[in-house]
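First comes the structure, then the notes that go with it.
Please treat every number below as a calculation from the coordinates, not as lab data. Quick caveat, the model's predicted, so the values are computed rather than measured. Because the Cβ atoms are built from the backbone with ideal geometry, glycine has one as well, and the counts that use them run over all protein chains shown.
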Amino acid sequence: MSKTFTKDEVAGHKKADDLYIVVEGDVYDLTKFQDEHPGGKKILQRVAGKDATQQFWKYHNEAILKKFKAKLQVGSLDTKPKPAAAPPTPPATPPAAEKQTVKPAATPGAVAPSPGPDASEEAEALDPYGDLVPYADPSWYQSYHSPYFDQSHADLRAEVRQWIEDDIMPNVTEWDEAKAVPDSVYKTMGERGYLAGLLGMKYPTHLTGGKHVAAVPPEKWDFFHELLITDELSRAGSGGLVWNLIGGFGIGCPPLVKHGKKSLVKKIVPEILKGEKRICLAITEPDAGSDVANLTCEAKLSEDGKHYIVNGEKKWITNGVWCDYFTTAVRTGGEGMNGVSVLLISRDMGGVSTRRMDCQGVWSSGTTYITFEDVKVPVENLIGKENQGFKVIMTNFNHERIGIIIQCVRFSRVCFEESVKYAHKRRTFGKRLVDHAVIRLKLAHMARQIEASYNWLENLVFQCERMHETEAMLKLGGAIAGLKAQATTTFEFCAREASQIFGGLSYSRGGQGAKVERLYRDVRAYAIPGGSEEIMLDLSIRQALRVHKALGMKL
Ligand code: HEM
């Protein structure tokens with residue numbers, strides 16, 4: 001794309017059969033494209049030979065330019081400024097050298113805490129990052145101080161964001177409409193080491209042949225790195241995409257890695273972490289959702305005691321249609337939670353059928369109906385102990401719910417960010433949308449809920465980082481359930497308000513309102529599965545009271 005044009009040269013291409021335009025200093029040949037332009041060809045012919053930057057931004061967002069650039073750009077104007085060697089980054093405020101650590105002064109006789117040798121380094125906020133729209137990113141992206149994030153998180157953030165912006169964002173709408181994401185994207189998740197970092201545990205180099213995520217040394221990996229991957233993936237604004245990539249894996253693989261027999265884990269997990277095989281979690285049934293203790297899919301021990309014979313149905317199983325393995329909850333004993341076990345079922349055992357279900361949202365996630373008919377599962381595939389599967393499932397719920405929360409908060413931010421950007425370009429009644437108080441009120445209500453949810457999330461992720469998994473399950477289950485309800489209601493609110501701000505553009509699919517329209521459809525996929533809002537709210541209080549009674553609560 002090295003060809004340069006003068007303004008006059010571009011002006012020479014102003015006919016329908018020879019149509020150039022300029023957008024942001026780059027020259028595009030739209031002669032052939034005009035017939036397929038969704039906005040019509042006449043509108044392009046009216047700006048033929050001219051700089052159409054302003055008109056372009058009125059009707060499109062950045063993803064469109066990224067998507068079509070390679071195909072349509074023929075050069076740049078000679079007046080276009082050359083890009084700087086490195087993108088300028090605003091300095092953190094104020095510059096490090098001028099920063100002073102506040103040393104608490106002690107009055108004689110009093111003991112004052114004093115900062116350790118690393119205090120000034122830890123106190124440093126990271127450089128501002130991203131578009132800097134307030135509340136569109138977590139505050140530590142925008143030069144707030146944080147006790148949780150350091151340079152390794154900032155490096156990972158940059159790595160994931162670049163990939164999402166270049167390879168994912170421009171295609172997300174197309175993939176959602178096609179109800180599938182190319183397999184190569186999931187494979188890339190494995191190759192980049194992201195899948196292995198999403199298990200809710202320390203980075204498992206023993207299962208990745210020593211490989212790890214480029215930006216972060218494995219020994220530094222923590223739950224905040226995990227949070228970041230899901231958060232940045234969610235910026236694409238599609239529940240279908242996120243669930244396609246990590247929906248089945250993120251809940252189906254951890255029970256296997258943590259509670260499966262070593263030989264089984266060693267045999268199966270490395271291929272999954274590489275992105276070569278896929279796994280999902282099969283718990284919900286046509287007649288048992290949040291009410292897990294009532295599941296009926298049965299697993300009977302064969303007479304020789306070597307196999308379980310599995311019969312039953314599973315419904316709403318994310319990724320099921322594409323999966324090789326199914327981490328499946330089955331009934332091996334009597335009624336209730338003490339008769340439940342977890343088995344790893346492989347598609348090649350025979351008797352496993354999957355069909356795609358049509359759903360309101362998360363279109364590209366592959367929601368599936370599964371039938372197991374006389375599937376012969378070796379007893380070695382038992383995950384955890386027989387009839388003690390409920391504990392495996394419950395521990396896993398915390399990890400699943402935190403994932404849902406991260407996604408919901410980021411989707412809420414996406415709704416907010418899209419709204420702020422659109423409100424700055426759309427004019428009604430003689431002024432920009434953002435200049436109407438009623439629109440600012442909507443933005444303020446979105447922002448306050450987003451920040452409250454996210455700060456609670458950071459706190460709980462930090463607790464998970466510090467507590468043992470069983471302690472976390474017992475102590476944090478209630479709070480995580482409460483935050484799930486908080487996050488899904490925030491998401492629902494933000495999707496609604498963003499839709500109102502975008503008006504018709506978020507009612508039709510695609511185009512500038514694409515993310516908002518899609519997310520609005522995805523809301524229920526978050527508010528219902530993984531524990532419905534109603535069950536989460538009730539659990540949050542019941543569980544908190546139980547824990548605090550044990551802690552010595554005085555009433
Ligand atoms: C590089 C040049 C261009 C490309 C690749 C392009 C591509 C597209 C695409 C893909 C859409 C479908 C909507 C979407 O997905 O966002 C669209 C819609 C549209 N485009 Fe363009 N376009 C270009 C230039 C322009 C220019 C210069 C104008 C105006 C002078 C324009 C006016 C429109 C309009 C009015 C729509 C319909 C918007 C709506 O449905 O609300 N386009 N364009």
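So what's the projected area for segment 244-339, the Cα convex hull averaged over all directions, in nm²?
With the hull built on Cα positions only, its mean projection is 6.8 nm².
Could you work out how far apart the two model spin labels at residue 541 and residue 29 are, taking each label as a point 7 Å from the Cα in the direction of the beta carbon, and quote it in nm?
So the label points at residue 541 and residue 29 sit 6.8 nm apart.
Once the other residues with Cβ under 12 Å from the Cβ of residue 289 are scored (Lys, Arg +1; Asp, Glu -1), what is the net sum?
Residues near residue 289 contribute -2 overall.
For the pair residue 276/residue 301, report the inter-label distance in nm, with labels modelled 7 Å from Cα in the Cβ direction.
Label at residue 276, label at residue 301, 3.5 nm between them.
Starting from the Cα coordinates of segment 161-288, work out the convex hull volume and express it per residue in Å³.
Convex hull volume per residue, Cα atoms: 120 Å³.
Going out from 0 in 5 Å bins, what whole percent of all Cα-Cα distances in segment 388-427 drops into each bin?
6, 21, 14, 13, 11, 9, 9, 6, 5, 3, 2, 1, 0
What's the percent breakdown of Cα-Cα distances in segment 258-414 across 5 Å bins, shortest bin first?
It works out to 2, 9, 17, 22, 22, 16, 8, 3, 1, 0, 0, 0, in whole percents.
With equal scatterers on the alpha carbons only and no solvent term, can you work out the Debye log10 of I(q)/I(0) for the chain at 0.13 1/Å?
Summing over Cα pairs of the chain leads to -1.36.
Taking 2.2 N^0.38 Å as the expected size of a compact globular protein, what ratio does the Cα radius of gyration of segment 397-551 give against it, to two decimals?
Normalised by 2.2 N^0.38 Å, the Cα Rg of segment 397-551 equals 1.18.
Along the positive direction of the dipole of the chain (beta-carbon charges: Lys, Arg +1; Asp, Glu -1; about the Cα centre), which of 248, 527, 513 reaches farthest?
513
Would you compute, from DSSP H runs of 4+ residues alone, the mean residue ellipticity of the chain at 222 nm, taking -39500 (n - 2.57) per run and dividing by the full residue count, rounded to the nearest 500?
Calculated at 222 nm, the ellipticity per residue is -13500 deg cm²/dmol.
Between residue 78 and residue 139, 0.36 nm times their residue separation minus their Cα-Cα distance comes to what?
Once the chain is fully extended between residue 78 and residue 139, it gains 18.0 nm.
Per the Cauchy relation, a quarter of the hull surface: what is the mean projected area of the convex hull of the alpha carbons in segment 193-240, in nm²?
Dividing the Cα hull surface by four gives the mean projection, 3.6 nm².
I'd like the FRET efficiency for residue 57 and residue 445, computed as 1/(1 + (r/R0)^6) with the beta carbon distance as r and R0 of 25 Å, rounded to 0.05.
That gives a FRET efficiency of 0.35.
Calculate how steeply helix 62-72 sits against the longest principal axis of the alpha-carbon atoms of the chain, using the helix alpha-carbon long axis, and give the answer as 0 to 90 degrees to the nearest 10.
70
In a shell of Cβ-Cβ distance under 9 Å around residue 238, excluding residue 238 itself, what net charge do Lys and Arg (+1) and Asp and Glu (-1) give?
Every neighbour counted, the sum reads 0.
Can you give me the distance in nm between label points at residue 184 and residue 7, each placed 7 Å from the Cα along the Cα-to-Cβ direction?
Result: 4.1 nm between the two label points.
Can you put 212, 445, 225 in order, fewest other beta carbons within 10 Å first?
Starting with the residue having the fewest Cβ neighbours, the order is 445, 212, 225.
If you average over every viewing direction, what projected area does the convex hull of the Cα atoms of segment 4-77 give, in nm²?
Here the figure is 4.3 nm², rounded to one decimal.
What is the fewest-to-most order of 394, 349, 553 by other Cβ atoms lying within 10 Å of their Cβ?
So the residues, fewest neighbours to most, are 553, 394, 349.
May I ask what percent, to the nearest 5, of DSSP beta bridges between residues of the chain are antiparallel?
In the chain, approximately 85 percent of DSSP beta bridges are antiparallel ones.
Angle, helix 389-425 long axis vs. longest principal axis of the chain, Cα atoms, 0 to 90°, nearest 10?
In the chain, helix 389-425 runs at an angle near 10 degrees to the longest axis.
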